[in-house]
Amino acid sequence: MTVDVTAQTVEPTPTAVVAGATTWAEFPSVWGPMLDKVWSFLRGGGAPEGLYKQGHNIMLYKDDVPNVEVGVQVSGSFDRAGDVVASTLPGGLAATATHAGPIARIGDTHRAVHEWSTANGYRLAGPYWEV
């Protein structure tokens, strides 16, 4: 599988997420239920009127614990609804790739972004890459 990785500057993006701490071994079994909670909020009438509900699914890895946020891009902030909270993806230089294929192979795409970042002079500094 060939993965195209590109760099671009992105603006901060509002999100609706469920946040949590897990392990890398447990993460594959917990991200789906976390995302389901967000989509239930967005589609089930709990989301405020006018909140964009057709964004991309997102996963933000905040550190190596990992503390994670799993959710959906939205158009703005909102009040907490159970486990679903308003958050923001950080802006700045981002290495991006689109995963196309079986979900079981998403790790290949993630690895490709890490390899591209290292090959292009970036290093992981906490949850962010630096030049």
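The values are calculated or read from the model by the stated rules, or taken from the named source; none is laboratory data. Values in this document were obtained by computation on a predicted structure and should not be read as measured data. Don't worry about glycine lacking a Cβ; one is built from the backbone with ideal geometry, like all the others, and counts go over all protein chains shown. The accessibility values were calculated without ligands, DNA or RNA, using every heavy atom of the protein model including side chains. Shrake-Rupley method; radii C 1.70, N 1.55, O 1.52, S 1.80 Å.
For region 34-131, trypsin sites (Lys or Arg not before Pro) are listed when DSSP marks them as loop and at most 16 other Cβ atoms sit within 10 Å of their Cβ; the list is LYS53, LYS62, ARG80.
Sort THR9, THR96 from largest to smallest accessible area, using a 1.4 Å probe on the heavy atoms of the protein chains.
Accessible-area ranking of THR9, THR96, largest first: THR9, THR96.
For region 25-102, GluC sites (Glu not before Pro) are listed when DSSP marks them as loop and at most 14 other Cβ atoms sit within 10 Å of their Cβ; the list is GLU26, GLU49.
Between the residues SER29, VAL65, GLY46, the greatest Cα displacement towards the positive end of the dipole of region 20-66, with unit charges on the Cβ of Lys, Arg, Asp and Glu, is found for GLY46. Below 13 angstrom from the Cβ of GLY82, what's the summed charge of the other residues (Lys, Arg +1; Asp, Glu -1)? Residues near GLY82 contribute -1 overall.
Averaged over its residues, the chain has an accessible area of 61 Å² per residue, based on protein heavy atoms and a 1.4 Å probe. A convex hull fitted to the Cα coordinates of region 1-72 yields 136 cubic angstrom per residue. A helix-only calculation puts the chain at -8000 deg cm²/dmol for mean residue ellipticity at 222 nm, using -39500 (n - 2.57) for each DSSP H run of at least four residues, averaged over all residues. Both radii were evaluated on the Cα set of the chain; the Rg over Rh quotient, with Rh as the Kirkwood radius, amounts to 0.97.
Loop exposure criterion: chymotrypsin sites (Phe, Trp or Tyr not before Pro), DSSP state outside H, G, I, E and B, at most 15 other Cβ atoms within 10 Å. Applied to the chain, the longest stretch between such sites is 53-131.
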